[in-house]
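*Asks:* Encoded as structure tokens, here's the structure I'll be asking about.
Laboratory data are not the source of any read-out in this text; all were calculated from the coordinates shown. What you are looking at is a predicted structure, and each value in this text was computed from that prediction instead of being measured. Glycine gets a Cβ as well: all are built from the backbone with ideal geometry, and neighbour counts include every protein chain shown.
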Amino acid sequence: MEIFADIDTWIALLTLTFLEIVLGIDNIVFISIATNKLPKEQQRKGTNIGLLLAMVFRILLLLGVSYLIAMKDPFLSIHNSWLSTDITGQSIILILGGIFLLYKSTSEIHNKVEGSVKENTPKKMASTLSKVIIQIVLIDIVFSFDSVLTAVGMTNGTEGALIIMITAVIVSMIIMMLFANPVGQFVNTHPTVQMLALSFLILIGFMLITEGAHLANTIIFNNNIGTVPKGYLYFAIAFSLGVEALNMKIRKKRD
């Protein structure tokens, strides 16, 4: 553990922990929306299980990082007059994860707008813990995959990189567990915030699809598919939350 005597190690650890928390916010939002379908006494349990699974998946992926990096080799190539792509393991996971996120978010929005799922009805409470956990596991795999790739890129060439990454994951998950339930309660008790969160998940779904297409070197009608800079996405989310905070303040003043 002599690597922790180096100031550069601590800087890398703090930076990576902060990054893991930022990337994990998307995960918390999805988990809070999924666990909201559980009876109230099971919601905290579902949230904690979801975050624990996210931590386990991240650590397992870090331990198998060499295999993870090897998944960038294409296993299927398509080249014709309008489409060119080299599909890899990394790209297919991100694309499928983005499609799942789009499906889940749009179906939740449809249910809330159309009123097909009524609040406080037996149907709402019919969701079981195991069913919710399966949904959380699927999205945990996608978010963990994206998070680990980012962490590997940041610590590439750093001494003791694996120890630093695992420590950052554990610390960030402990912090998120402390705040996940209050954040989840806030999102679920404010319908407009919940709708905003679901809209963010749609944006993130599109981002994952474009990132997966970019990893596959996809060209459609002679146009390269590029990645969406995460900074733009998080700025849009922060700006929208700022506007919503002002709206909430105005509504509270009126009431």
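*Asks:* Computed from the mean reciprocal separation of all distinct C-alpha pairs, what Kirkwood hydrodynamic radius does region 158-231 have, in Å?
*Replies:* On the way: mean 1/r = 0.0637 Å⁻¹.
About 15.7 Å for region 158-231.
*Asks:* Can you order the peptides 74-83, 28-37, 234-243, 99-108 by their average number of other Cβ atoms within 10 Å per residue, highest first?
*Replies:* Values: 74-83: 9.8, 28-37: 24.2, 234-243: 12.5, 99-108: 17.5.
Those peptides, ordered most packed to least, come out 28-37, 99-108, 234-243, 74-83.
*Asks:* Looking at this model, which pairs from LYS112/LYS253; LYS40/LYS131; LYS131/LYS230 are more than 22 angstrom apart at the alpha-carbon? Mind dumping the intermediate values first?
*Replies:* On the way: LYS112/LYS253 26 Å; LYS40/LYS131 16 Å; LYS131/LYS230 31 Å.
In this structure, LYS112/LYS253; LYS131/LYS230 exceed 22 Å between Cα atoms.
*Asks:* Sticking with this structure for a sec: For ILE175 paired with HIS110, estimate the spin-label separation in nm (one decimal), with each label point 7 Å from Cα along the Cα-to-Cβ line.
*Replies:* Label at ILE175, label at HIS110, 3.8 nm between them.
*Asks:* Compute the length gained on full extension between ILE163 and SER84: take 0.36 nm times their separation in residues and subtract their Cα-Cα distance, giving the result in nm to one decimal. Walk me through the numbers before you get to the answer.
*Replies:* On the way: separation 79, 0.36 × 79 = 28.44 nm, distance 3.90 nm.
Gain in length upon complete extension: 24.5 nm.
*Asks:* Right, next: Using a Förster radius of 30 Å, what is the FRET efficiency between ARG254 and MET195 based on their Cβ-Cβ separation? Nearest 0.05, please. All intermediate terms of the calculation are to be shown ahead of the outcome.
*Replies:* Numbers: r = 20 Å, r/R0 = 0.66.
The pair ARG254/MET195 has a calculated efficiency of 0.95.
*Asks:* Using only the Cα atoms of the chain, what are the Rg and Dmax in Å?
*Replies:* Over the chain's Cα set, Rg and Dmax evaluate to 19.7, 61 Å.
*Asks:* Which net charge results when you count Lys and Arg as +1 and Asp and Glu as -1 among the other residues whose beta-carbon is under 14 Å from that of LYS104? Write out the running numbers ahead of the final one.
*Replies:* Details: positive: LYS37, LYS112, LYS131; negative: ASP26, GLU108, ASP140.
That works out to 0.
*Asks:* Tell me, in nm to one decimal, what length is gained between ILE202 and LEU96 on full extension, where the rule is 0.36 nm per residue of separation less the Cα-Cα distance? Write down the numbers at each step before the final one.
*Replies:* On the way: separation 106, 0.36 × 106 = 38.16 nm, distance 1.35 nm.
Here the answer is 36.8 nm.
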